[in-house]
Amino acid sequence: MTTSSPAPSSSGPKPTPSTGTGPSHPSKSIAEGGTIEPVREILWGSQAGVRKYETAEELPPDLAKLIVRLMVVQADTEFASIQQHRPWLDRAPTLEDRWIESRIVADEARHGLQACRILRDFGEEGQRWIDELLAKKEGEHKLDAFNMPFDRWSDVGAFTCFVDRVGVYQLRAFQECSYGPLARAMPLMLSEEQLHLNFGFSVLKRMARNDGSYIGSKEEAQAAIRKWYPRALDMFGHSQSETSQKAIAYGLKRWTNEEARARYIQEVTPLVNSLGLELPPPDFDRRVL
Ligand SMILES: [Fe+2]
Ligand SMILES: [Fe+2]
């Protein structure tokens, strides 16, 4: 997890009696042979307390449409970032950087697959979207941040530090959401994303040291921050978005776009300042307000 933002207090896994074959051991830990019960009920929104939706067929049509739309955007960003990272697989400056680059690409491919598996559950419509997603080329993606090539190594650092971090906020907003298959996909994706943004921060940190021990310079790191931070803030979407309100009412997302963006700014400001670098003002070079 990246920040200290609270999760709904009742969402943590609870030890429970085992269901099924074995004897019931309500108070046992996993090590002692106990079990973890997944959260079955919707935790917020107008259906709070009702059982989560577990299949695409049982979703209300409006919610089904919203999930398809959000998964298409999610998968699109995953596949796009593979295209952005690809030229650096064998150009990253150090051995370790090269290894982490290839890991990031593999992770993003898995995230794309995961989002598409959810789309597959929506039958022909889902499959049509998958076919379209797989055919997309660089420059054809939905969000601007994913249509910009990584011209320099500092782009890789700033992108993973800022843009992947927004991705983490989006995924965290789905954590324990009302659609069971989506909620259960989150923990692994989140742990993988954590590596990406930590790596981005470490690239910027090494550059900002400016002591000749690493590629780039403090100036280059600062320029990359000015380039990617506005695109990262745009990714949260419009402040007055009705869709984001609807997603909360459906128990699908936890925060409005503006709430998530404000938390993000609060998180990244001290991080960037700790490097002796600066963020531009939140309204600098913005396209989505
Ligand atoms: Fe990802
Ligand atoms: Fe990522």
* Structure fact -> Residue set 234, 283; condition acidic (Asp, Glu), within 19 Å of residue 144 (Cβ to Cβ), in contact with a Lys or Arg (Cβ under 7 Å, 6 or more places away or on another chain) and at pLDDT 95 or above; output residue 234
* To do: Identify all residues within the range 80-93 that are over 19 Å from residue 234 (Cβ atoms) and either within 15 Å of the chain's Cα centre (by Cα) or more than 16 Å from ligand 2 (Cβ to nearest atom) (or both); write none if there are none.
  => 82, 87, 90, 91, 93
* Asked: Got at least one residue in the range 103-116 being over 14 Å from residue 164 (Cβ atoms), surrounded by 14 or more Cβ atoms within 10 Å (Cβ to Cβ) and more than 14 Å from ligand 1 (Cβ to nearest atom)?
  -> no
* Looking at (1) aromatic (Phe, Trp, Tyr); (2) part of a helix (DSSP H, G or I); (3) within 16 Å of ligand 2 (Cβ to nearest atom); (4) in contact (Cβ under 8 Å) with a residue 12 or more places away in the chain, which is the one condition that is false for residue 150? -> (2)
* Structure fact -> residue 174 passes all but one of the listed conditions (1) of a type outside the set (A, V, I, L, M); (2) touching a residue at least 60 places away in the same chain (Cβ under 8 Å); (3) more than 16 Å from ligand 2 (Cβ to nearest atom); the exception is number (3)
* Within the range 79-98, can one find any residue that is touching a residue at least 24 places away in the same chain (Cβ under 8 Å), more than 15 Å from ligand 1 (Cβ to nearest atom) and aromatic (Phe, Trp, Tyr)? -> yes
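Say whether the condition of being out of contact with any Leu (no Cβ under 9 Å at 6 or more places or on another chain), touching a residue at least 24 places away in the same chain (Cβ under 8 Å) and farther than 25 Å from residue 142 by Cα is met by at least one residue in the range 218-231.
Within the range 218-231, one or more residues are out of contact with any Leu (no Cβ under 9 Å at 6 or more places or on another chain), touching a residue at least 24 places away in the same chain (Cβ under 8 Å) and farther than 25 Å from residue 142 by Cα.
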* Structure fact -> Across the range 189-228, the tally of residues that are under 16 Å from the mean Cα position of the chain (by Cα) and among the hydroxyl-bearing types (Ser, Thr, Tyr) stands at 1
* Test set (1) within 16 Å of ligand 2 (Cβ to nearest atom); (2) closer than 21 Å to residue 203 by Cβ; (3) in contact with a Lys or Arg (Cβ under 9 Å, 6 or more places away or on another chain) - residue 104 fails condition number -> (3)
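The values are calculated or read from the model by the stated rules, or taken from the named source; none is laboratory data. For clarity, every value in this text was computed on a predicted model and none was experimentally measured. Note that we place each Cβ from the backbone using ideal geometry, even for glycine, and neighbour counts take in every protein chain shown.
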